[in-house]
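**Student:** One structure coming up, written as structure tokens, with questions to follow.
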């Protein structure tokens, strides 16, 4: 994805503070328009944050090719969506081996109260590393705040 200068959601590295735009220490996915080298305008999806004082972002792609249309619909409802994650497992029928993986999703609610949801995935392995780091920092801060309360 193209480097963007618009950064509205941050997670501070040292204190893992969330900005006002980050409700209750959640990570927010934003849709950003960028221009390709051949001049086409496309949409990118990212979570912004800070790691060791450096602005960074975690890029996301649709889970499958048809998912980009669904992502457009989700982000037409609202320009941002909360990143939701949960673990799922799958069993290999031949070996019986159980494989656990993380599912990433974004969702928004329309005017009738119906939820539109779409699976996404980190664009690169490095995006998974940054996302993991941001989540650990936010969880550590949330735990510290619980102890103080």
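**Student:** Order the peptides 95-105, 70-80 from the highest to the lowest mean number of other Cβ atoms within 10 Å of their residues. Intermediate values should be presented prior to the final figure.
**Tutor:** Details: 95-105: 10.8, 70-80: 16.3.
Ranking the peptides 95-105, 70-80 by packing returns 70-80, 95-105.
**Student:** Still on this model: Would you mind calculating the gained length between residue 41 and residue 123 on full extension (0.36 nm times residue separation, minus the Cα-Cα distance), in nm to one decimal? Before the final figure, lay out the partial values.
**Tutor:** Working: separation 82, 0.36 × 82 = 29.52 nm, distance 1.86 nm.
Length gained, residue 41 through residue 123: 27.7 nm.
**Student:** Residue 146 to residue 110: extension gain in nm, 0.36 nm per residue of separation minus the Cα-Cα distance?
**Tutor:** 9.6 nm
**Student:** Highest first, please rank the peptides 137-147, 119-129, 53-63 by the mean number of other Cβ atoms sitting within 10 Å of their residues.
**Tutor:** Averaged packing, sorted descending, gives the order 53-63, 119-129, 137-147.
Throughout, read-outs are computed from the coordinates displayed, never taken from laboratory work. Fair warning: this is a prediction, and the values are worked out from it, not measured in the lab. Cβ atoms come from the backbone with ideal geometry, glycine included; neighbour counts cover every protein chain shown.
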